[in-house]
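The values are calculated or read from the model by the stated rules, or taken from the named source; none is laboratory data. Since this is a predicted model, take the numbers as computed values, not measurements. Quick reminder, even Gly has a Cβ in these numbers, built from the backbone with ideal geometry, and neighbours come from all protein chains shown.
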Amino acid sequence: MASAVALRVQQERVRETTWWAEELDAVLLIEDPAERRAARAELQSELERRRASGKFRASRDALLRHAIEELLSERGWTKRYRPIPAGAASIPGRPWGKPLENGQTGDKQGRLSVNLPEKLWEQVRRIAYWESAPAVAKLQKWHRRFGDGPGWAEREGNVLAMMVVALGPQPRAEDMQERRELRDKIITTGDILRDAAYRAVRT
């Protein structure tokens, strides 16, 4: 994904540079020096407006920032979310209940990083926390009842885990399906960034 984003940024730079060169050529044809300076200043202002609005996205940060904003709007995530509870905000790693996929992380195409405005990044963090909260609560209840599911006692390899399995209820097929569905409802900040990146390179 990182390479696809880099390619899209390169395409955006070509588009911006082409527009700028054509407009600047027209400005340079103005004979009156004062008018030419005014036109040059207006052209620079127009460039800044186009960058701010997302019409030009000739950097990775600009490309992904506008893609994230569009994604949040499309999914109805622009509403005001409460701050993340202080304790939860400081916990590192994956959200509760979010497993590693096949024991791997990342897309094996290079890490994708982005510098976002503080307000936008905080919105992304709050979305991931609060939109996932109902599923997390249900997963925690599931875990209290069944542990980590079939085979978890063997993985733990201790007597207490074996006793919990022996005395506690065993998950049925429908219980395991429920856990899968709940896990699918958990949203991470990485999920949001990846979805925005896919959107950026496909639109």
Discussion item. Pairs please, first residue from the stretch 31-47 and free of Cβ contacts under 8 Å to residues at least 40 places away in the same chain, second anywhere and surrounded by 10 or more Cβ atoms within 10 Å (Cβ to Cβ), Cβ atoms under 6 Å, 6+ apart in sequence or on different chains.
Written reply: 36/30; 39/27; 39/30; 40/27; 43/23; 43/27
Worksheet entry | Candidate set: the stretch 86-98, residues that are surrounded by 11 or more Cβ atoms within 10 Å (Cβ to Cβ) and of a type outside the set (A, V, I, L, M); chosen: the one modelled with the highest pLDDT | 98
Discussion item. For the condition modelled with pLDDT of 95 or more and part of a helix (DSSP H, G or I), what is the one hit in 130, 142?
Written reply: 130
Item to complete: Examine the stretch 7-20 for a residue that is of a type in the set (S, T, N, Q), at pLDDT below 95 and farther than 18 Å from residue 196 by Cβ, and state whether such a residue exists.
Response: yes
Worksheet item: Can you name the residue in the stretch 27-54 that is out of contact with any His (no Cβ under 9 Å at 6 or more places or on another chain) and in a loop (DSSP other than H, G, I, E, B) and is also surrounded by the most Cβ atoms within 10 Å (Cβ to Cβ) among such residues?
Response: 30
Item to complete: State whether one or more residues within the stretch 59-77 are modelled with pLDDT under 95, outside any helix (DSSP H, G or I) and surrounded by 12 or more Cβ atoms within 10 Å (Cβ to Cβ).
Response: yes
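Scan the stretch 153-169 and tell me whether some residue there is at pLDDT 60 or above and either out of contact with any Pro (no Cβ under 9 Å at 6 or more places or on another chain) or under 30 Å from residue 1 (Cα atoms) (or both).
Taking every residue of the stretch 153-169 in turn, at least one turns out to be at pLDDT 60 or above and either out of contact with any Pro (no Cβ under 9 Å at 6 or more places or on another chain) or under 30 Å from residue 1 (Cα atoms) (or both).
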Practice prompt. Please list, ordered by first then second residue, the pairs with beta carbon atoms under 9 Å, 6 or more apart or interchain, first in the stretch 130-159 and farther than 17 Å from residue 177 by Cβ, second of a type in the set (Gly, Ala, Ser) and at pLDDT 70 or above.
Written response: 153/147; 156/147
Item to complete: Quickly run through the stretch 167-203 and pick out the residues that are free of Cβ contacts under 8 Å to residues at least 12 places away in the same chain, part of a helix (DSSP H, G or I) and basic (Lys, Arg).
Response: 180, 202
